[in-house]
Structure formats: C-alpha cells, structure tokens
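Here, each number is a calculation from the coordinates, and none is a lab measurement. Remember, it's a predicted structure, so these values are computed and weren't measured experimentally. Backbone-built Cβ (ideal geometry, glycine too); neighbour counts: all protein chains shown.
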Amino acid sequence: MSLSEAAALASFLEPADRRALVAIDLGAESCRVSLLRWLPTGPHFHLVHRFANHAGKREDGLHWDLACILEGLNAGLRQCAGIATEGIRSIAVDGWAVDYVRLDESGAIVSDPFCYRDERTIAAVQALHERLSAERMRDLTGIQLLPLNTVYQMFADKSERKNLRWLNLPEFVLYSLGARPVSERTNATHTQMVGIDGKWSEEIFAALEQSTTEAPSIVEPGTDVGQLQGELAALSAFANTRLIAPACHDTASAIAAIADAGDDWAYISSGTWSLVGTLLQSPVNSSAAREQNFTNLGGADGTICFHKNVNGMWLLRQCMEEWSAAGTTLDLPDLIAAAAKFEPRSYVLDVDDPDLLLQGHMPERINAQLRHRGLPELSPAAADAAQMASFLFYSLAARYAVVLRNVSEITGKQFRRLYIMGGGSQNEFLNRLTAEATGLDVSRAGTECSTLGNFAVQLATLERTAASGPRATCEWAAKLAAAHHI
C-alpha cells in the first residue's frame, strides 16, 4: 500500500469518542506535550508545551533532573486541560529508551536516574561478560550490544540499589500519573534483558544477581494501564482520562508514524542517534546480524524494528557546545548552508568510534581518531565550523549507505524508498548526501514522528473493533499525516 492509498483508506476513519488525546514525548534535549483534537475541519494536533532537558554532572556521575522533567510535564498537561474544553480521553508517553528510575518499597523515587552516557557502564560491560559472554547474551536476546543498554547500567548499580524495583522513564511517567507499573514491549526489549521468546530472561537476571520477580510486567504497545489519578484528575478536562502505554520507545513510536504498508522501504530515525534499518514481521538473529550487531527491538502491531545505532547529530551538537563555551554561538541552519559549499574529502570519519559517544571535547576526539589513522586533521576552531560540519555530514551519509546495504543483505529485502524522520530530517544537505550515497528515493517523514506515532497507537487501541485489521496503526497514522500534510 502506497502513502496515497493509505491516506485514502484512512480518510474514512473517524473516532467514536471525539475527546482530545495527549502525547508526551521525552527527549534527551527537550520534552514535549502535544494535543490532538477533532475539529470540524478534521484532526488537528499541535505542540502545547516544550521545555529543555539535559543531563548534569554530579559527584557520582551523569544524572537526569527528574523533578524538572515532571514539573515541565505537569505544566504542559495543565495547559492541555485549559485548551481541550471537550475533555481529554487519554494520555500516552514515549521517550528515549534504556534509562530507568529506582523505586523503594513504597513506590517512592530513590534518586534521580543515571543518564545512559554516564561512563560507569564502560567497566560494567567487561565485568558482566565475565559472567555471561557477549555471544551468549546476543543469542538470548537478539539485541544490539551497546554499553548504554539497561542491562549494563543495572550491573553498574551499587549493591544496595540492585534489588529495588525499577521502571523505564516513559513507564515511570505513566506510573507517576496513576498507571500500574509495567514495562511496555518496545522499551522492554531495549533493556537487553528480554529473551527472543519475549519474556524476561532468567539467565540474564541471574548474571545481574537480580530476580525477574522484581521486574515490571511486560505489556504490548497500546495497553491501557489505568486511569489518571492525583491533582490533575480533579480538573474537569481530565475526568475519566485513560493512561496508555503506546510504543514507549520513541523510535518505535516514530516508525509507527510511517504510513506505508509496503515492504520495500527502510528508515533512518535521525536525531542525537541515527537508527538505520527496516521493519520486519519476526526477529532475525542470524550470524551476520550478530556479527554486525543489528538489533531486534519491539515495534507497534507486533512488528520488529531491525536496525543499528549509528552516531548521529550528537557529533555536531557536541562540537557546537564546545565552540559556544569558547564564545562562538552558531546557528544550525546557517552552519548547514555553509557546510554544503565544501567538497568531500578522500576519507571519512569512523562515526561509531566508541570514544565519539562520550560527552565533551568533540573536535579533539575527532582529530584524535584521524591522527591515530594517519589522516589529516581538521581545524577545531569555530571559524572553521562549516568545514567540520561538512566532513561530519559526508561521514554520516557514507555510514548510512554501508549499514543499509548490510540490512538488505541480511534480511533479503530490496529497498526503493528511505524515510528519514526526526529533527535531523530537516537537514536537506545531509538528506541529499544520503540519497546520493544510498541510491534510494529519500522522503522526509517529519520532525515530530514520535508524536504522530504516539497518537496513532492510541487511536488504534481506543478504536479497536473486531473488524480492525493488522494495519490499524498505519491507517490512523496515514489519516493524521494527511491532515497535517506530513
């Protein structure tokens, strides 16, 4: 089914209950609260509240400010209540994966959660694999081995924390609003603690010296997990508002927004990370998939997000922070325009060098790699930022092409189209380089795909009937995308 066909089919869909829906998107750089309303002209959603988010260094490592996140979300939800006089039918939360909140016996927060970029996991990877080999963990889970995965973070936790209950961040936000504690499948798989059979792995939990009895129940995307409770529930707009676990992993939510029911497309979720892959109906954990470290994460409607993490706009953002700290603040669109004037070099950066995943001193880290490889270094000065940016964009496009060829070889799928979503999709220079490097028809799927996918999963759940087909989420995504010309 093409995009136009999906949109035509979706045009006949109307919700039985026309109250508004709220989507919360937790981002590593900003968090957003959006509202979907059914107006006489059709569905309309808009961003109600956005606030900055960032991890901060403390004595024991890099942490998120949970109180700040919850305060911002509360402000956004109150604004939604003031706008949606027709009432709010449901709230759903998606966000970045792997990070989690520890809870005591009463359900209270023990401490602010660690950020996945905290360096404590570096030693934890080797130490955990002395108990359970990397090969065995990969065989058990089919999940990409990454130091940031929840399993390594939990192994790095101090002993007094290891037996405390925990919830990944999106599910914790739902819990704070009154939901029962759960782990939604798209997020659960990203912990690298779920087996290929879809259950918490007893073998992995044993290596962690933890019990699966302390883990939350795994639920499917779109599960109703309770009714809104607390002070917000006293607002008239929130009377009988349901809480839904959508595709809680924001990438799975964004992929759910791609209104294409065909089988000849791949995706890049382009943001801090670039997630490069395709959608499958069942996991692929072949030797080639294991050797190249592809992942099999849960997706909406029982699908599998088969992709690989590639370092993304993090590289340039870190450089920009370095230049800003030195006194030069640059405008990203202007920087991209200036970068497009440079010709490619005869070499590219290994963007997935583990050292480039760490925070701080990015121009120095980039040049350290080039120096180690015996290649000419680039000027780290802000005055030459456009040249550095151009080099990074050519390097990213080259890496995307390699990864997509590998995806095609491993899955046997032949691609014609490539959907690019997320904030990085606005970078037309990088999009052009990617089209040239891959030979694919590149379409920009939009910058707020996680929000659209969040709403689509909510609607597919709330409006599910005996006649609902396996493409219900895709059909709702098509309707919303068509209404907003995405």
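Structure notes:
- For segment 305-316, putting each phi into the Karplus relation 6.51 cos²θ - 1.76 cosθ + 1.60 with θ = phi - 60° gives couplings of 8, 9, 7, 10, 6, 10, 4, x, 5, 3, 4, 6 Hz, in residue order, rounded to whole numbers and with x for Gly and Pro.
- Between Arg165 and Ser106, the contour length at 0.36 nm per residue exceeds the alpha carbon distance by 20.2 nm.
- For segment 12-116, a simple Cβ point-charge model (Lys and Arg +1, Asp and Glu -1, everything else neutral) yields a dipole of about 500 debye relative to the Cα centre.
- Distant-in-sequence amide contacts of Gly178, defined by a placed amide H-H separation under 5 Å and a gap of 5 or more residues or a different chain, comprise Gln229.
- DSSP bridge analysis restricted to segment 1-139 gives an antiparallel fraction near 75%, rounded to the nearest 5.
- Computed on segment 330-486, the Cα convex hull volume stands at 167 Å³ per residue.
- Range in the chain, longest, excluding exposed GluC sites (Glu not before Pro) [loop by DSSP; at most 10 other beta-carbon atoms within 10 Å]: 161-486
- Summarising the strand pairing of segment 118-260, around 60 percent of its internal DSSP beta bridges are antiparallel.
- Between amide H atoms placed 1.01 Å from N, distances below 5 Å from Ile218 occur with Ser183, all of them 5 or more places distant or on a separate chain.
- Beta bridges by DSSP in the chain, antiparallel share as percent, to the nearest 5: 65 percent
- Neighbours of Gln369, meaning other residues whose beta-carbon lies under 13 angstrom from its beta-carbon, give a summed charge of -3 when Lys and Arg score +1 and Asp and Glu score -1.
- Hz values of 3J(HN,Hα) by residue in segment 127-135 - Karplus curve (6.51, -1.76, 1.60), Gly and Pro given as x: 5, 5, 6, 6, 8, 9, 4, 4, 5
- Student exercise, segment 244-309 dipole from Lys, Arg, Asp, Glu Cβ charges, in Debye to nearest 20: 240 debye
- Computed log₁₀ I(q)/I(0) - Debye formula, equal Cα scatterers, no solvent, segment 260-311, q 0.12 Å⁻¹: -0.26
- Placing unit charges on the Cβ atoms of the charged side chains and taking the dipole of segment 39-165 about its Cα centre, the candidate lying farthest along the positive direction among Thr85, Ser111, His49 is Thr85.
- In loop segments of segment 97-147 as defined by DSSP, the trypsin sites (Lys or Arg not before Pro) with at most 16 further C-beta atoms inside 10 Å of their C-beta are Arg131.
- Förster-model FRET efficiency, 30 Å R0, Ala16 and Phe51, C-beta, rounded to 0.05: 0.35
- Viscosity 1.306 mPa s, 10 °C: Kirkwood-radius Stokes-Einstein D of segment 97-255 over Cα pairs, µm²/s: 98 µm²/s
- Cross-link partners of Lys308 among lysines, defined as those whose alpha carbon lies under 19 angstrom from its own and excluding same-chain residues fewer than eight positions apart: Lys413.
- Those trypsin sites (Lys or Arg not before Pro) in segment 267-354 that DSSP places in a loop and that have at most 10 other beta carbons within 10 Å: Lys341
- Using Cβ point charges alone (K and R +1, D and E -1), the dipole size of the chain about the Cα centre works out to roughly 560 debye.
- Whole-Hz couplings from phi, Karplus 6.51/-1.76/1.60, listed for segment 320-331; x for Gly and Pro: 5, 5, 5, 5, 5, 4, 8, x, 10, 9, 10, 8
- Principal axis dimensions, largest first and in whole angstrom, of segment 116-160 by Cα: 28, 20, 16
- Eigenvalues of the alpha-carbon gyration tensor of segment 269-384, scaled by 5 and square-rooted, set the equivalent ellipsoid semi-axes at 32, 17, 13 angstrom, largest first.
- Computed over segment 83-181, the quotient of the alpha carbon radius of gyration and 2.2 N^0.38 Å is 1.31.
- Against the compact-protein benchmark of 2.2 N^0.38 Å, the Cα-based radius of gyration of the chain scales to 0.95.
- Those lysines that a straight Cα-Cα span of less than 19 Å connects to Lys57, excepting residues fewer than 8 apart in one chain: Lys158
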